[in-house]
Structure formats: C-alpha cells, structure tokens
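Take a look at the structure below.
The values are calculated or read from the model by the stated rules, or taken from the named source; none is laboratory data. Predicted model only: the values in this text are computed from it and were never measured. Ideal geometry is used to build each Cβ from the backbone, glycine not excepted, and the neighbour counts take in all protein chains shown. Ligands, DNA and RNA are excluded from the accessible area calculation, which covers all protein heavy atoms including side chains. Shrake-Rupley method; radii C 1.70, N 1.55, O 1.52, S 1.80 Å.
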Amino acid sequence: DGPHRILVLEYVENGSLDKTLVSSERLLGWSERFKIALGVAKGLAYLHHECLEWVIHCDLKPENILLDDNLNPKISDFGLAKLVNRSGSNKNVSRIHGTRGYIAPEWVSSQPITSKVDVYSFGVVLLELLMGARVSDWASNAGEEVEMVFGRVVRMLTANVMLQGSQHLWLFDFIDLRLNGQFDRLQARTMVNLAISCLE
C-alpha cells in the first residue's frame with residue numbers, strides 16, 4: 001500500500017527450531033531431529049544447486065528454520081541472502097553478515113564467499129540438534145568466545161570418532177541427555193562426522 005510493505009509468510013504451527021529445540025514443554029525425539037537435519041540439508045542443496053540463480057542464505061540458524069505441523073523444516077528469513085550468478089561472480093558479497101557463532105571464517109578473513117558459508121552454519125545447527133543446546137549457551141557457560149568453544153568441541157569430536165568398539169560411550173554423554181540414550185547410534189555418528197566436516 002504505497003510506501004508500506006507487509007511480508008506474508010505461511011503459518012508454521014511449531015514456530016522456529018530455536019524455540020522447539022530447548023523447549024521444556026516438548027522434547028524433540030531423535031527421529032524428529034534427524035528428519036529436521038535432513039530437511040535443512042535438502043533445502044540448502046536446493047538453494048545452492050537447483051535454483052536458476054544460486055542462493056547463499058548467509059544467516060542459517062535455528063531462528064531461521066521454521067517447523068510446520070509435521071516438523072518439516074522450512075528455511076526462512078532471506079534478508080541477508082545473496083544471489084550468485086552461475087558464472088561464479090559474487091563481487092557483491094563482501095561485508096560480514098549473519099549471527100555470531102554461525103558466521104563462517106571466510107567472512108572474517110575476507111576470503112571469497114561461496115555456499116560454504118551456509119555449510120559452516122549448517123554444521124553448527126547439527127551440533128545444536130545433537131546436543132539439544134544453543135551455541136550461545138555453550139560459550140556463556142564456558143566463559144569463552146564462541147569460536148574458542150567450537151575449536152575445542154571439534155577437536156574433541158575428531159579424536160572421539162576415531163575410537164573403536166566400546167570406546168564409543170562418549171556418544172551417550174555428547175548427545176542430548178534428555179533423550180536418555182534413545183537415539184540411533186549410526187545416525188548420530190554420521191551427524192557428528194558431518195558436523196565436523198562442515199566446521200573444519
């Protein structure tokens with residue numbers, strides 16, 4: 001209406017992942033977490049590979065992942081998103097954007113911005129789904145910068161995934177304790193490996 005604009009979004013019954021993940025009213029079960037992780041990965045694959053122009057979201061985080069009635073994730077809030085030509089030109093993507101803790105190192109080191117910035121953020125979201133806690137909480141509890149906490153967590157996970165046999169008990173301490181060990185071990189290890197790959 002003239003200079004006034006309104007943004008209309010589809011209503012999502014379960015709100016955003018950040019509220020659902022740490023909710024005391026409803027605990028996300030393992031299969032729901034895995035389904036959300038897979039759905040977000042498919043959404044990013046669509047944005048990065050299937051659109052006519054590639055879309056780099058630049059601010060992937062739980063607040064921007066909406067969950068419908070069936071907990072199907074929908075990536076939202078494209079306010080910082082960048083369109084990248086198929087030719088690979090991304091000269092308009094230069095300023096640091098996003099939310100601390102989810103920002104890929106490329107932003108800070110002035111390297112060319114590619115879809116890898118979303119992959120990094122996805123790795124952070126995977127860790128949050130696995131642990132059932134927000135990245136900001138880890139840092140404040142440790143009294144450290146978020147990047148320092150990430151470095152320590154990734155080093156610990158990298159060492160732990162190399163362990164064999166009964167030494168995989170670390171997984172029970174790492175996965176959200178509210179699940180009481182009710183999770184698929186193979187899926188959990190796969191998600192841990194994927195999170196490490198995204199963050200390295």
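Please state the charge dipole magnitude for the chain, taken about the Cα centre, from unit charges on C-beta atoms (+1 on K and R, -1 on D and E), reported in debye and rounded to the nearest 20.
460
Taking a ≥ b ≥ c as the square roots of the Cα gyration tensor eigenvalues, with a/c under 1.5 meaning rounded and otherwise prolate when a/b beats b/c, else oblate, which class fits the stretch 1-89?
Values: a/c = 2.59, a/b = 1.38, b/c = 1.88.
It comes out oblate by the Cα gyration axes.
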Fill in the blank from the handout: Ranked by GNM mean-square fluctuation in the chain (Cα springs under 10 Å), the top entry among 123, 39, 132 is 39
Completion exercise
Charge dipole of the stretch 99-200 built from unit charges on the beta carbon (Lys, Arg +1; Asp, Glu -1), centred at mean Cα; most positive-end Cα among 111, 182, 138 is 182
Practice task
Send over a whole-number figure in Å² for the accessible area per residue of the chain, probe 1.4 Å.
Solution key: 56
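Could you give the length gained by full extension between residue 27 and residue 52, i.e. 0.36 nm per residue of separation minus their alpha carbon distance, to one decimal place? Intermediate values should be presented prior to the final figure.
Values: separation 25, 0.36 × 25 = 9.00 nm, distance 3.79 nm.
Extra length available between residue 27 and residue 52 comes to 5.2 nm.
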Fill in the blank from the handout: Across 27, 129, 60, the residue with the highest GNM fluctuation in the chain (Cα network, 10 Å cutoff) is 27
Handout entry: Accessible surface of the chain, 1.4 Å probe, proportion on carbon and sulfur as whole %
Key = 55
Completion exercise
Placing each pseudo-label 7 Å from Cα in the direction of the beta carbon, residue 187 and residue 19 end up separated by a distance in nanometres of 2.5
Handout entry: Gained length - residue 170 relative to residue 108, 0.36 nm times residue gap less alpha-carbon distance
Key = 19.0 nm
